[in-house]
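J.: Provided herewith is a single structure, encoded as structure tokens, for subsequent inquiry.
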Amino acid sequence: MNNPEDILKNEKILHIFESGLDSFAQGDFVAAQKMWKKVLAADPGNELAMDYIRSIEEEVPFEDKKVIYRELLEEAIRLIGKNQFDPAYELLQMIIHENPEDEKAQKFLDTTKGLLLKDYLSEVGDTGSAVKLKKNMEDIMKINLTKESAYIISMIDGDSSVDELLALSGIDRFLFMRNLTMLLRNGIVTFHNPRR
């Protein structure tokens, strides 16, 4: 995943992001959301922009929220069309969190989860391979982890396979594979010799 501070490295993205902050400060939440959506279009998966979009949920009047959710759904569909499933998933999760009855968003979320799971399984490879930590615990403690990732790390003994950890974890298969893949991408875990 990208570092949220990367937003500061690109002057054009920074300008768009700051325009969103100005709109937000003036109470124009729809305009702020549009600016932060542009940041996501330029840098899919930018966690800082996603955090600010989430913050709108706490401030926005209900009528504006409907507009924002509709636009977030359109952006998620656009990202799905560009095979950018991770940021699409994040946007869809935001919508469903506040609008659990949104059937269209739920349908796209289910589809996106299926596509992501396929990608995660491809990235992980042989799920019979044993998982081991690549970083020491001191370094891992400095990383902001999800509770699922932290739990997965606590289970890793260097001998148990992906399949065994999944079975023991009690975590939903999608969430388990998502978190394990993020650990792999961030160089926290690695896999070795398939167990027989």
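J.: Test Ala130 against the criterion of being in contact with a Pro (Cβ under 9 Å, 6 or more places away or on another chain), surrounded by 18 or more Cβ atoms within 10 Å (Cβ to Cβ) and outside the structural domain of Ser55 (by TED's automatic domain parsing), and give yes or no.
T.: On the way: in contact with a Pro (Cβ under 9 Å, 6 or more places away or on another chain): yes; surrounded by 18 or more Cβ atoms within 10 Å (Cβ to Cβ): yes; outside the structural domain of Ser55 (by TED's automatic domain parsing): yes.
Yes: the conditions hold for Ala130.
J.: Of everything in the stretch 104-149, what is closer than 24 Å to Glu47 by Cβ, in contact (Cβ under 8 Å) with a residue 40 or more places away in the chain and in contact with a Leu (Cβ under 7 Å, 6 or more places away or on another chain)? Give them in sequence order.
T.: Answer for the stretch 104-149, where residues must be closer than 24 Å to Glu47 by Cβ, in contact (Cβ under 8 Å) with a residue 40 or more places away in the chain and in contact with a Leu (Cβ under 7 Å, 6 or more places away or on another chain): Glu123, Val124.
J.: Identify, please: which residue in the stretch 171-196 is outside any strand (DSSP E or B) and in contact with a Lys or Arg (Cβ under 6 Å, 6 or more places away or on another chain) and is, among those, surrounded by the fewest Cβ atoms within 10 Å (Cβ to Cβ)? Spell out the reasoning first.
T.: Applying the first criterion (outside any strand (DSSP E or B)) to the stretch 171-196 yields 171-188, 195-196.
Add one more test, that the residue is in contact with a Lys or Arg (Cβ under 6 Å, 6 or more places away or on another chain), and what stays is 174, 187-188.
Numbers: Phe174: 14, Gly187: 10, Ile188: 20.
That would be Gly187.
J.: I'd like to know if the stretch 7-16 contains one or more residues that are closer than 22 Å to Thr181 by Cβ, hydrophobic (A, V, I, L, M, F, W, C) and either at pLDDT 75 or above or in contact with a Lys or Arg (Cβ under 9 Å, 6 or more places away or on another chain) (or both). It would help to see each step written out before you state the result.
T.: Taking the stretch 7-16 first, the residues closer than 22 Å to Thr181 by Cβ are none.
Scanning the stretch 7-16 turns up no residue that is closer than 22 Å to Thr181 by Cβ, hydrophobic (A, V, I, L, M, F, W, C) and either at pLDDT 75 or above or in contact with a Lys or Arg (Cβ under 9 Å, 6 or more places away or on another chain) (or both).
J.: I've got another one for you. From the list Ile80, Ile68, which residue is aliphatic (A, V, I, L, M), touching a helix residue (DSSP H, G or I) at 6+ places or on another chain (Cβ under 9 Å) and either over 24 Å from Met182 (Cα atoms) or exposed (fewer than 14 other Cβ atoms within 10 Å of the Cβ) (or both)? Steps first, please.
T.: Working: Ile80 fails: either over 24 Å from Met182 (Cα atoms) or exposed (fewer than 14 other Cβ atoms within 10 Å of the Cβ) (or both).
Step by step, each of Ile80, Ile68 is checked, and only Ile68 is aliphatic (A, V, I, L, M), touching a helix residue (DSSP H, G or I) at 6+ places or on another chain (Cβ under 9 Å) and either over 24 Å from Met182 (Cα atoms) or exposed (fewer than 14 other Cβ atoms within 10 Å of the Cβ) (or both).
J.: Another question, then. Just need a number here: residues in the stretch 133-170 that are exposed (fewer than 12 other Cβ atoms within 10 Å of the Cβ) and either touching a Phe, Trp or Tyr at 6+ places or on another chain (Cβ under 6 Å) or basic (Lys, Arg) (or both).
T.: Result for the stretch 133-170: 2.
J.: Look through Ile153, Ile171 and report the one residue that is under 27 Å from Glu98 (Cα atoms) and either modelled with pLDDT under 95 or in contact with an Asp or Glu (Cβ under 9 Å, 6 or more places away or on another chain) (or both).
T.: Unique residue meeting the criteria: Ile171.
The values are calculated or read from the model by the stated rules, or taken from the named source; none is laboratory data. The model shown is predicted, which means the values in this text are computed figures rather than measured ones. So basically every Cβ, Gly included, is an ideal-geometry build from the backbone, and we count neighbours across all protein chains shown.
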